[in-house]
Amino acid sequence: MAELARARPKPTPETQHFWDGTKAGELRLQRCDGCAHIYFPPRPFCPHCGGRAVSIFSASGRASLYSYVINHRPAAPGFAAPYAIAVVELEEGPRMMSNIIDCPQTPEALQLDMKLEVAFERLDDAITLPVFRPAKG
Amino acid sequence: MRKPQVAVVGAAETTRLGIIPDMSQIQLHADAALNALADAGLKLSDIDGIATAVETPQQIAHYLGITPRWVDGTSVGGCSFMLHVRHAAAAIAAGLCSTVLITHAESGKSMIGKLPRSIPADSLQGQFEAPFGVVGPPSMFPIPVLRFMKTFGITHEQLAMVAVVQREWAAKNPRAMMKEPISVDDVLNSRMIAYPFRLLQCCLVTDGGGALILTSAERAKNFPHKPVYVLGAGESVETPMVSQMESFNSSRAFRVAGPAAFAEAGISHSDVDHLMIYDAFAHLPLYGLGDLGFMPYEDTGPFIAAGHTRPGGKLPLNTNGGGLSYMHSGMYGMYALQESVRQMRGIAPAQVPNARISVCHGVGGMFAASGTVIFGNQD
């Protein structure tokens, strides 16, 4: 029996720009043209003011570690336990779920508020996931 | 305090709780419903309103042979039944129906006749949470707690005490799944599930169900049991994505539902004799105590660690043993409501002496939703 693969996102018309972005090495967010609110996950209107005029821009990729768990069991398909499931806070404000790479998956190494930077993990031709690693310097 | 308009006149759980491999999920609903009808001295034909979650109201109405003129299928996770109580109270007060049956059941352990829960790959959760290794509630629900601990100085030992104290309550309850006493060391040495939470800080997985019957306060005095009045209730939802909560230091849905219930009931925190806070995991009572305004968040861990919520303490909390030790079929809110009703009737296995007001607070999903119901036994 083939090993089950990691859950693979299926883009919708409203999120396609985000996944096109990660494929191109960019973390794309949206900003409301009316009230300047920056938000995530993607949608073609501002969840703060309801305005439909919004712009897509490339985020800095700088973030900090907001919170996490280290999952021991059971492991999700495509993962080897223990592994951290993290929520990172982007410099621009929004938070997103992700994984922390190039870092031991331990409470000692994973300190809240540590500085992170985005990295991109290619799943296949269509999907590249945004993940984060400890910031250099 | 305002004059109550609606009361619980029937309340029962399934005949058995725990592992029930000889009953499908829908039959567990029926078992609980028939027990609640017997408790209230009513017939199926007396029911003219129906509410349920996960299963559809049409499924339950048909299976039981009920023709309702009021229906509520609100399904927002484990607190759905708190919302049903609130909606039913409003419907009865408005004259939309007279006698509402609320059912819950889940073949959570045996998985008989239970639809699998799955996350579509093109949903927002499927795109922006599932790819990062989430696998069921234990990998998601505790994600906020490390932030809460850092912000408010809460310790691992305090979070272990939640499980220790609830086991003390469960020891008094013959129907509780887990009754053996445990220590803080036992909790902190139990198997790691999702750091920082270990096995004894995660809810049980069992089979079971429960049902409630509500009618007007006016009629309620003519039933076999002492009426349990609905004094106030509140509800809200926030997000199905735990990563997108407004803050990990608090639940917005809790902060909307809890205060709404207190305001409607016209009571203050010092009036509360008995408290249920849905404990799918050990951090939830801390969020509940803070978000419902019982105390500052930084005091919640020390308050539980000092023993104030244990048997004999000044704020008896989760007196059936909770989701951690009593039972947890997947949507535990119904069992919290059942315990509040038992306490208000004065028949709970670990009865709080002279309890007159009970606050029952539920969570749905991973902080996705919330419902609070305040019960009283004085009209």
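The values are calculated or read from the model by the stated rules, or taken from the named source; none is laboratory data. Note that this is a predicted model, so its numbers are computed, not measured. As a convention, Cβ positions derive from the backbone with ideal geometry for all residues, glycine included, and neighbour counts pool all protein chains shown. Note: areas computed on protein heavy atoms with side chains; ligands, DNA, RNA excluded. Shrake-Rupley method; radii C 1.70, N 1.55, O 1.52, S 1.80 Å.
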Practice prompt. Hey, can you tell me all the residues within region B:224-241 that are among the β-branched types (Val, Ile, Thr) and either within 14 Å of chain A (Cβ to nearest Cβ) or open to solvent by 30 Å² or more (accessible area, probe 1.4 Å) (or both)?
Written response: B:237, B:239
Worksheet entry | Qualifying positions in region B:171-229 - part of a strand (DSSP E or B) and more than 30 Å from residue A:86 (Cβ to Cβ) | B:207, B:208, B:209, B:210, B:211, B:212, B:213, B:214, B:215, B:216, B:228, B:229
Discussion item. I need the full set of residues from region B:225-259 which are closer than 30 Å to residue B:117 by Cα and basic (Lys, Arg), in order please.
Written reply: B:252, B:255
Fill in: Checking residue B:328 against (1) at pLDDT below 95; (2) in contact with a strand residue (DSSP E or B) (Cβ under 6 Å, 6 or more places away or on another chain), the condition it does not meet
(2)
Worksheet item: Which residue out of A:55, A:60 is closer than 16 Å to residue A:93 by Cβ, under 13 Å from the mean Cα position of the chain (by Cα) and loosely packed, with under 15 Cβ neighbours inside 10 Å?
Response: A:60
Worksheet, complete the sentence: Among residues of region B:171-213 being touching a Leu at 6+ places or on another chain (Cβ under 7 Å) and of a type in the set (Gly, Ala, Ser), the residue most open to solvent (accessible area, probe 1.4 Å) is B:190
Worksheet item: Which one is most open to solvent (accessible area, probe 1.4 Å), of the residues in region A:95-137 that are touching a residue at least 60 places away in the same chain (Cβ under 8 Å) and within 13 Å of residue A:61 (Cβ to Cβ)?
Response: A:120
Worksheet item: So which strands (runs of 3 or more DSSP E) are wholly in region A:1-113 and hold at least 2 residues that are within 9 Å of another protein chain (Cβ to nearest Cβ), out of contact with any strand residue (DSSP E or B) (no Cβ under 8 Å at 6 or more places or on another chain) and within 18 Å of residue B:124 (Cβ to Cβ)?
Response: none
Worksheet entry | Filter pass, residue B:338 being farther than 30 Å from residue B:193 by Cα and either touching a strand residue (DSSP E or B) at 6+ places or on another chain (Cβ under 7 Å) or assigned to a loop (DSSP other than H, G, I, E, B) (or both) | no
Item to complete: With the condition kept exactly as written, say whether any residue in region B:297-314 is outside any helix (DSSP H, G or I) and surrounded by 24 or more Cβ atoms within 10 Å (Cβ to Cβ).
Response: yes
